[in-house]
1. So, counting K/R as plus one and D/E as minus one, what does the shell of residues with Cβ under 10 Å around Gln199 add up to?
2. Using 0.36 nm per residue of separation minus the Cα-Cα distance, give me the extension gain between Ala200 and Asp327 in nm, one decimal.
3. Net charge within 13 Å of Tyr106 by Cβ-Cβ distance, Lys/Arg positive one each and Asp/Glu negative one each, not counting Tyr106 itself?
4. Give, in whole angstrom and from largest to smallest, the semi-axes √(5λ) of the equivalent ellipsoid of region 151-272, with λ running over the eigenvalues of the Cα gyration tensor.
5. Considering the convex hull of the alpha carbon atoms of region 251-307, report its projected area averaged over all viewing directions, in nm², one decimal.
6. Express the accessible area of region 103-243 per residue in Å², computed with a 1.4 Å probe while the remaining protein chains stay in the model.
7. So what J values fall out for region 122-131 if you push phi through Karplus, 6.51 cos²θ - 1.76 cosθ + 1.60 with θ = phi - 60°, rounded to Hz, Gly and Pro as x?
8. Taking the simple approach of a point 7 Å from Cα along Cα-to-Cβ for both Gln267 and Ala212, what is their distance in nm?
Amino acid sequence: MNTGKDLKRRIVLTVISAVMLFAAIFGVSYAEYVKSSSVKQVIGSYGNDGALFSSNYLVMNMNPSANVYKRFFYTSEEGTPVSGSITFCNYAQGNPARTYEADIVYAVTAKLVTVTEVAGVYVKNDADAAAAGAHTVKLSFKGGSEITLSASNLSHTFAASTLDRHLSATDILAVEFDGDFKNAGSLCLYVAAVPTAVQAGVNTLDAVFAVALNSGEQRNVWEGEFTDSASGAPAQPYYDGFNYNIKGVGSGTCTLSWDNTKLQISQVFLAAYGLTPAVSGDRTSVTFAVDSDVLNRYDLQFYYAEGAAPFASWAELTGSVLLTYTDSAA
């Protein structure tokens, strides 16, 4: 965990406006965001433009052995293979104009795992042949030869790839789950992009993926969460600011409100979207239109209000911010 002055240097007063690159759609299948039950993510070095080693669905993970971030690929038809694409980029999502200052060399590992939920936190373990059963996941990295994960081939690591600093580079991992994977129980696909060298702001990206049958109620939802560490207490001087993420699917209106006696929002975020806060007593709020077909991810920061008493717990911090979503079709 970053502490003291070092952490202060790493927290930049800015907004990260990022566009999640949509998964490639085959037939009736598509991928969408689902919030992880793990919130153990340390504040990262994003810089002015966001993390410059990024993915459309993988999450920067400072502790891959402990933190598990879960995503779902949804399908609207029974028995149909579910396909999509996972990207790896050398720029912040939605801002390809600025690339990382050096080449990024990394290796992609994919494997079958089992994921269970313990005390509200996901736990993953390597799957064995019995857990994999007859299920398969087909993979193709950068258009290369197809690899199939199965009971007889539970994991695969692709040859290291380089994202060239001279251009906005995106590598793609195409995935296809078998048509019955939604009935695989705890079985999931784990994907990790691991840098081969230590570079500032370049960290492991990972997530686990499952398959589910879509219903109309599942599609349109926007949610917000703090993405920092949940260990210790979120008190100064160790924390001056907190990263907050809003993601979703659907079009409508979001209202973000917070306790203004405790927190203030990034002014750059307000300016970037032309938002004017409304104040009512100790609550301040902003309301803005959302449409996941245009932008389905917002990254911003909250900071301690001047003279505010430190939060005693992460639950107190989380409870001070509220995001509500109204669907345009409602």
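The values are calculated or read from the model by the stated rules, or taken from the named source; none is laboratory data. Note that the structure is a prediction, hence the values are computed from the model and not measured. Counting neighbours? That spans all protein chains shown, and the Cβs are built from the backbone with ideal geometry, glycine included. When the accessible area is computed, the model is the full protein with side chains, heavy atoms only, and any ligands, DNA or RNA have been set aside. Shrake-Rupley method; radii C 1.70, N 1.55, O 1.52, S 1.80 Å.
1. Within the 10 Å Cβ shell, the charges total -2.
2. Contour length minus the Cα-Cα distance gives 41.8 nm.
3. Here the charged neighbours net out to -3.
4. Equivalent-ellipsoid dimensions as semi-axes: 33, 25, 17 Å.
5. So the mean shadow area of the Cα hull is 4.0 nm².
6. Per-residue value: 43 Å².
7. Coupling constants for region 122-131: 6, 10, 10, 9, 4, 7, 9, 4, 5, 5 Hz.
8. Reported label-point gap for Gln267 and Ala212 is 4.1 nm.
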